[in-house]
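Below: one structure, written as structure tokens.
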Number of protein chains: 2
Amino acid sequence: MPALTFSLHPQLNADTTPVGDLPLTRVLLMNDANYPWLILVPRLPGVSEIIDLEENAQIQLTAEIARVSTALKALTACEKLNVAALGNVVPQLHVHVIARRRDDAAWPKPVWGVAPAKPYDDAAREHLTGSFRRALQIADARG
Amino acid sequence: MPALTFSLHPQLNADTTPVGDLPLTRVLLMNDANYPWLILVPRLPGVSEIIDLEENAQIQLTAEIARVSTALKALTACEKLNVAALGNVVPQLHVHVIARRRDDAAWPKPVWGVAPAKPYDDAAREHLTGSFRRALQIADARG
């Protein structure tokens, strides 16, 4: 039976720290200090592909990808953004928005499977999620 | 001086066969028989990131990604779509839309850099571009 309510896939939950919610998506920080790396997950059940979303939700997703991309670029002064919806391992629709630099651990390759994840220490993670919350003007879900 | 008119990046030109034009993008078939793999390139000069596009063009790009995704899924009965705008090597904005199967050459990894490209023979390439043109209802640019 398909899920009737949204819940975050356990793998995404394990690999990320929540930044907060935009109107459609939950914004997550990937716990990999190799790259400033956010993930957007539409808070809808049973969605695997972008084309599983209604047209209005596709447009909203695009707007939220743009909002996150702009914030990420402004905060990191990155040289390139990588935006991708893959989902071969985790089928729940999630969109990667990654800030890339010519001196990063995988450049010019895509990031997946290249360098082992380098977890943030608590202070750095807290600082970064706070910066993204302010840049995205979203409230801290922890209240 | 930034380019004033659109021209396809030489690397994209070398790696692909044109399928045809949608209102915003040129649709290309990647010359790699390992995966049914289309690439959409907005026909605008000087665009590298999705956020370089005006909001209306972002919405149109989303609609064209959905149209190509739907056609690709229908034609290939693929198990997953991979949609990505990376551009670390070729800076001209281009969006990959790739049909993935559990038995393909890279599954479950992303396709980039895994298996050497397997060029189509002429007949297969002609057949496939024709199928995509019909599925997308776009005219053959060669007239």
Would you kindly derive the ³J(HN,Hα) couplings of the stretch B:67-83 from the backbone phi angles with the Karplus curve 6.51 cos²θ - 1.76 cosθ + 1.60 (θ = phi - 60°), listing them in order in whole Hz, with x for Gly and Pro? 4, 5, 4, 5, 5, 5, 5, 5, 6, 10, 6, 6, 8, 8, 9, 10, 10
For a quick size check, give me the Cα extents of chain B along its three principal axes, largest first, whole Å. 44, 34, 26
What nm distances, shortest first, do you get from the label point of A:R43 to those in the other copies when the point sits 7 angstrom along Cα to Cβ? 4.1
Taking amide H positions as placed in the peptide plane 1.01 Å from N, state which residues far from B:L22 in sequence (5 or more) or on other chains have amide H under 5 Å from it. B:V27
Order by accessible surface, 1.4 Å probe, largest leading, for residues A:H96, A:H9 comes to A:H9, A:H96
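Could you give the semi-axes, largest first, of the ellipsoid that matches the protein assembly as shown, computed as the square roots of 5 times the alpha carbon gyration tensor eigenvalues and rounded to whole Å?
Working: eigenvalues 194, 86, 71 Å².
In descending order the semi-axes read 31, 21, 19 Å.
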How far is A:A135 from itself in the other copies, in nm, if each label sits 7 Å out from Cα along the Cα-Cβ line, shortest first? 3.7
Over 27 Å (Cα to Cα) among B:K80/B:K118; A:K73/B:K118; B:K73/B:K118; A:K118/B:K118; A:K80/B:K109 -> A:K73/B:K118; A:K118/B:K118
Pairs of Cα atoms under 8 Å, at least six residues apart: use those to get the relative contact order of the stretch A:68-112, whole percent. 36 percent
3J(HN,Hα) from dihedral phi, the stretch A:85-95, Karplus parametrisation 6.51/-1.76/1.60, rounded to Hz, x for glycine, proline: 10, 10, x, 6, 9, 9, x, 5, 3, 8, 10
For B:N13, label point 7 Å along C-beta direction: distances to other copies, nm: 5.2
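The values are calculated or read from the model by the stated rules, or taken from the named source; none is laboratory data. Computed from a predicted structure; not experimentally measured. So basically every Cβ, Gly included, is an ideal-geometry build from the backbone, and we count neighbours across all protein chains shown. The area values use the complete protein model at the heavy-atom level, side chains included, leaving out ligands, DNA and RNA. Shrake-Rupley method; radii C 1.70, N 1.55, O 1.52, S 1.80 Å.
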